[in-house]
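Some notes on the structure that comes next.
The values are calculated or read from the model by the stated rules, or taken from the named source; none is laboratory data. Note that the coordinates shown come from a computational prediction; the quantities given were computed from them, not determined experimentally. We place every Cβ from the backbone using ideal geometry, glycine too, and count neighbours over all the protein chains shown.
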Amino acid sequence: MHILAFTLIAVLAVSCSYSEKPANTETSALTVPDQQQEFIKPVEGFITQAFTDGHHAVDIANEDENGVGISSPILAVKDGTVTEVVTGVYDGGYGNNFTIDHGNGVQTFYAHCAEVYVAVGDTVSQGQVIATTGDTGRVFGATGIHLHFEMMVNGDKVNPFDYFGGAL
Ligand SMILES: [Zn+2]
């Protein structure tokens, strides 16, 4: 069921597109100075869409034992400060979304949320529940519920897999 759901979502996701600026593909040239705190996975679930030229993010979805998509808590991947929150609007397809600045040029972005529990200026701790996954904005699939997770280093969208090790 997981494989079937993954394939279905992956196929449907091909038509998913956001107006994003080009990602910096030379991630090996970038460094994250503060490596004292490892990143943690932002939400339970499985990867439904990887980082590609047309999708500068990683999508993670969760489902119940019957394969039905479910909303799950979103955790702060690292200590940080909330710098932007957008709710109640389509926002170019992102739906309810927010950004956390982790310092040292590193930011993370969370989209399609159902509930957002943080406000601009809030300090968050790694592992803190900051939102729940939802299907706001432009989503696809049986339920559409997933987290669209982006990571920026010095303003460039990078592949989170390059920084999370095996955590994702
Ligand atoms: Zn996405």
Among the residues of the stretch 62-81, is there at least one that is on the phi > 0 side of the Ramachandran plot, in contact (Cβ under 8 Å) with a residue 40 or more places away in the chain and within 11 Å of the ligand (Cβ to nearest atom)? no
In the stretch 149-160, which residues are over 23 Å from T136 (Cα atoms) and either charged (D, E, K, R) or part of a strand (DSSP E or B) (or both)? V153, D156, V158
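Listed here are the residues, each with its yes/no results for (1) polar (S, T, N, Q); (2) buried (at least 17 other Cβ atoms within 10 Å of the Cβ); (3) in a loop (DSSP other than H, G, I, E, B); (4) at pLDDT below 50.
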residue	(1), (2), (3), (4)
S19	yes, no, yes, yes
T25	yes, no, yes, yes
E38	no, no, yes, no
T48	yes, yes, no, no
Please list, ordered by first then second residue, the pairs with beta carbon atoms under 6 Å, 6 or more apart or interchain, first in the stretch 47-61 and under 20 Å from S71 (Cα atoms), second assigned to a loop (DSSP other than H, G, I, E, B) and more than 9 Å from the ligand (Cβ to nearest atom). V58/F51; V58/P160; I60/V43; I60/G45; A61/G45
Could you please find all residues in the stretch 142-157 being within 14 Å of F39 (Cβ to Cβ) and away from the ligand (no atom under 12 Å from the Cβ)? M151, M152, V153
Of the residues that make up the stretch 31-51, is at least one at positive phi and touching a Lys or Arg at 6+ places or on another chain (Cβ under 9 Å)? no
Cβ-Cβ under 7 Å, sequence separation 6+ or interchain: first residue in the stretch 96-116 and farther than 14 Å from F149 by Cβ, partner acidic (D, E) and outside any strand (DSSP E or B). Which pairs? G103/D34; N104/D34
Of V139, V89, V77, which residue is outside any strand (DSSP E or B) and within 22 Å of Q37 (Cα to Cα)? V77
With respect to the numbered conditions (1) in contact with an Asp or Glu (Cβ under 9 Å, 6 or more places away or on another chain); (2) modelled with pLDDT of 50 or more; (3) charged (D, E, K, R), which one is the sole condition not fulfilled by E65? (1)
Looking only at the stretch 33-66, count every residue that is in contact with a helix residue (DSSP H, G or I) (Cβ under 6 Å, 6 or more places away or on another chain) and over 18 Å from T136 (Cα atoms) and tell me the total. 1
All but one of (1) touching a helix residue (DSSP H, G or I) at 6+ places or on another chain (Cβ under 9 Å); (2) within 12 Å of the ligand (Cβ to nearest atom); (3) not hydrophobic (A, V, I, L, M, F, W, C) hold for P160; which doesn't? (1)
So A119 ticks every box in (1) part of a loop (DSSP other than H, G, I, E, B); (2) surrounded by fewer than 21 Cβ atoms within 10 Å (Cβ to Cβ); (3) within 14 Å of the ligand (Cβ to nearest atom) but one. Which box is left unticked? (3)
Lone qualifier among Y163, Y110 - being part of a strand (DSSP E or B) and either among the aliphatic types (A, V, I, L, M) or under 14 Å from the mean Cα position of the chain (by Cα) (or both): Y110
